[in-house]
Amino acid sequence: MLFPKWTNALPTVLAAAGMGGAVTTVGVVWYYFTPKFWEAGYMPDQPGAGFNHQIHAGKLGIDCRYCHTKVEESPEANVPNVATCYGCHAETLLDSTLPAEQKVGFVREAWKNDASIEWRRIHKLPDYVRNFPHHVHVKAGVSCYSCHGQIMGMPEVFQSQPLSMGWCLECHRNPAPALVPPDHVTQLVWVEQELKERAKGGGSVDGKALLESIRRAPPENCGACHH
C-alpha cells in the first residue's frame, strides 16, 4: 500500500474546504464590498475649518434651503457660493470673542481673492445613475433626514446611508413610511421624531394618505410629457 488509509478522505476534506472558502469569499464580498459598508460613514476632510451643520442648521436654526437654494427646483442640491457664506461671515458681522480667523478666515480669504471654496463632495452616486433628482423627492415629501440623516446634529457631515440601488428600491417599493408633508421636509427634528413614532405604529401623519395624494395629483410641468 503506497498511501495510508486516511488519505482516502482527503478529496472529500479538500472539496469541503474549497466549498467553505468559496462561500466565505462570496459572503465577505457580498457585505464588505457594498455601499452599506464601504460608503456609509464617509467623511472627507473639508477646506479650512469645514462647515459645522450642528451650529448652522442646529443651534442657529438656518433652514437647509438658505444655502441649498435650488433643492426645490433642480436635481442638484447646490453648494452655496462664497458670497452666501461671506454674507454672514464678513469681518463686522461676527461676535468679536469668536476665533474668527481660525474658524472662518478661509471664507474671507476666498472672498478677498474672488476664488471658490473647494468643498469636497460627500454624497456621490455613480455616473451611470446621473444625479439624484432632489426637486422631485422634496416636492413629494421626502425629507432631507431620510437620505442624509440628522444633519442638524453633525459637526462634520458624513454619509449616513449607503445610497445603493437596493436601498433606494426599498423606499420606492414602499415609500409611505418615509413621506412627510412637503412643507415639513427641512424640519429635521420633527421629521426624525415623526418617522420613529410611525415605525412604532404611531405618528401624527398618515404616510399612506400622503402617498395617495401624490398619485391623485398629476404633474403640471412641461417635462412630465415633453422630456
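The values are calculated or read from the model by the stated rules, or taken from the named source; none is laboratory data. For clarity, every value in this text was computed on a predicted model and none was experimentally measured. For neighbour counting, all protein chains shown are included, and Cβ atoms are generated from backbone atoms with ideal geometry for every residue, glycine included.
Go through the residues of the stretch 75-89 one by one and say whether even a single one is more than 17 Å from the chain's Cα centre (by Cα), surrounded by 14 or more Cβ atoms within 10 Å (Cβ to Cβ) and at pLDDT below 90.
Within the stretch 75-89 (the criterion being more than 17 Å from the chain's Cα centre (by Cα), surrounded by 14 or more Cβ atoms within 10 Å (Cβ to Cβ) and at pLDDT below 90), the answer is yes, since at least one residue qualifies.
Looking only at the stretch 132-159, count every residue that is touching a residue at least 24 places away in the same chain (Cβ under 8 Å), under 24 Å from Leu211 (Cβ atoms) and in a loop (DSSP other than H, G, I, E, B) and tell me the total.
5
Are any residues in the stretch 109-125 modelled with pLDDT of 90 or more and over 17 Å from Cys67 (Cβ atoms), and if so, which ones?
Glu109, Lys112, Asn113, Asp114, Ala115
Considering only the stretch 128-145, state which residues are among the small types (Gly, Ala, Ser) and surrounded by fewer than 21 Cβ atoms within 10 Å (Cβ to Cβ).
Across the stretch 128-145, the qualifying residue is only Ala140.
Could you pull out the residue among Leu98, Leu14 that is assigned to a helix (DSSP H, G or I), surrounded by fewer than 14 Cβ atoms within 10 Å (Cβ to Cβ) and at pLDDT below 85?
Leu14
If we keep just the residues of the stretch 199-210 that are part of a helix (DSSP H, G or I) and touching a helix residue (DSSP H, G or I) at 6+ places or on another chain (Cβ under 6 Å), which is surrounded by the most Cβ atoms within 10 Å (Cβ to Cβ)?
Per the criteria, the residue is Gly207.
Within the set of pairs 6+ apart or on separate chains, which have a first residue in the stretch 171-184 that is farther than 15 Å from Asp63 by Cβ, a second that is surrounded by fewer than 15 Cβ atoms within 10 Å (Cβ to Cβ), and C-beta atoms under 6 Å apart?
Ala176/Lys208
For the stretch 48-72, which residues satisfy the criterion of being surrounded by 18 or more Cβ atoms within 10 Å (Cβ to Cβ) and either touching a residue at least 40 places away in the same chain (Cβ under 8 Å) or part of a loop (DSSP other than H, G, I, E, B) (or both)?
The answer is Phe51, His53, Ala57, Gly58, Cys64, His68, Val71.
Filter the stretch 1-60 down to the residues that are among the aliphatic types (A, V, I, L, M) and either within 23 Å of Ser164 (Cβ to Cβ) or touching a strand residue (DSSP E or B) at 6+ places or on another chain (Cβ under 8 Å) (or both) and list them by number.
Val23, Val26, Val28, Val29, Ala40, Met43
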